[in-house]
Every structure is written in C-alpha cells, then in structure tokens.
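The values are calculated or read from the model by the stated rules, or taken from the named source; none is laboratory data. Bear in mind the structure is a predicted one, so any value in this text is a computation, not a measurement. These area figures cover heavy atoms from the full protein model, side chains too; ligands, DNA and RNA do not enter into them. Shrake-Rupley method; radii C 1.70, N 1.55, O 1.52, S 1.80 Å.
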Amino acid sequence: MDGGTKIGATGLGAPMRRVEDRRFVTGKGDFVDDFALPNMAFAYVVRSPHAHARIVGIDKAAACAAPGVIAVLTSHDVIADNIKGIPCPGFPVAPDGARF
C-alpha cells in the first residue's frame, strides 16, 4: 500500500476464515429476502443519481397514491417526526486486534 501503510495478520485486507460460505454455496443458507412475516412491509431508499446535487423539491403525490404504499418519507418528514437512524445489528464484528 502507498503511504507506508502496513497490514498485519488482522485488519483491513487480511484473510479471514469464513464459516457461513458452505451453507450459501450449497443452497442451504437463509437470506433476509427469504423471510415473510405477517403484515411485513418493505422500504426503498431513492437517492439522486447526481453527486452533490441540490434537491429543490420532491413531489411524492404519485408515490403516495400507489397501491399498497404505507408512507413516503423525505428528509423533511424524518426531521419533523424526529425519526432516528435505523440500527444495523447484523453488521459483522471485527476480530480482536483488527485495525481499520
């Protein structure tokens, strides 16, 4: 790596023994998309295709009128309703001694 960065036995780029691969490559793994719960809803995040674009308005009328839509939220709605971040409890834990 440039800049004199050294990677040891742990950390970014280090090989890591994976324990979940066998079940996925043999078709025995479970994915979030495989589960269906009663009254389950789905969320979609739509982002601007333009980097650093300034969004001056969002017309959500068509999306709100679509069949099955529960809510359409913009950043203004999230702020007004004091909605907090969405936790990601499934994020992998780094091994002891890992440096990032």
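Using only alpha carbons, build the gyration tensor for region 11-72 and give me the equivalent ellipsoid semi-axes, biggest first, whole Å. Don't skip to the answer; put the middle values down first.
On the way: eigenvalues 262, 110, 12 Å².
Each semi-axis is the square root of five times an eigenvalue, giving 36, 23, 8 Å.
Probe radius 1.4 Å, ligands and nucleic acids left out: which of 42, 31 has the largest accessible area, and how do the rest follow?
Ranked list, largest accessible area first: 42, 31.
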